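Undergrad: Got a structure for you, questions after.
Rule-based calculations on the coordinates, nothing more; no lab input. Note that the structure is predicted; figures quoted are calculated from it, not measured.
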């Protein structure tokens, strides 16, 4: 089973759209312990510095980007379980994406889809997939075959 309290999301920018905020709030109620850290939208170098200050050496870095690996929901759940409840930090870039150095230093580069999404929607999708992964590993009814 996944221990969501070992997970953090670093996201560039704030959620401005009310409907996305509401969706995120619904999933966060289902995922107690999940931490989200918002970093001010800025120049890439400042964002990179702020992100690197948050990440500690004992955390598994997962960056979201269009060139990352794609998984089915079940495959993602398995991949997360294979990290054996290590502390995992997911990083979602802003409009200009993440610096190349962060992506290359990541243990996993994850793509939610070959489509490009605004960072606000990417955050909602990631949180929903973390909830889905949790229910898959618990054998819950949320994920339909």
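Undergrad: Using a Gaussian network for the chain with springs between C-alpha atoms less than 10 Å apart, which of these wobbles most: 63, 116, 78?
TA: Among 63, 116, 78, the largest mean-square fluctuation in the Gaussian network model of the chain belongs to 116.
Undergrad: If you work out P(r) over Cα pairs in 10 Å bins from 0, in percent from the coordinates, which of (i) 13, 43, 33, 10, 2; (ii) 11, 45, 37, 7, 0; (iii) 11, 39, 36, 13, 1 do you get?
TA: Given (i) 13, 43, 33, 10, 2; (ii) 11, 45, 37, 7, 0; (iii) 11, 39, 36, 13, 1, the calculated one carries the label (ii).
Undergrad: Next question. Tell me the mean residue ellipticity at 222 nm calculated for the chain from its helices only (DSSP H runs of n ≥ 4, each -39500 (n - 2.57), averaged over every residue, nearest 500).
TA: Taken over the chain, the calculation gives -12500 deg cm²/dmol.
Undergrad: Between 0 and 90 degrees, rounded to the nearest ten: what's the tilt of helix 44-54 against the longest Cα principal axis of the chain?
TA: The answer is roughly 50 degrees.
Undergrad: Using Cα pairs under 8 angstrom and six or more residues apart, how large is the relative contact order of the chain, in percent?
TA: Relative contact order comes out at 34 percent.
Undergrad: What's the angle, to the nearest 10 degrees (0 to 90), between helix 18-30's Cα axis and the longest principal axis of the chain?
TA: 50
Undergrad: Rounded to the nearest 10 degrees, what's the angle between the helix 119-138 long axis and the longest principal axis of the chain, both from Cα atoms, 0 to 90?
TA: Result, in degrees: 30.
Undergrad: Further question: From the square roots a ≥ b ≥ c of the eigenvalues of the alpha-carbon gyration tensor of segment 89-139, which class results: rounded (a/c under 1.5), prolate (a/b over b/c), or oblate?
TA: oblate
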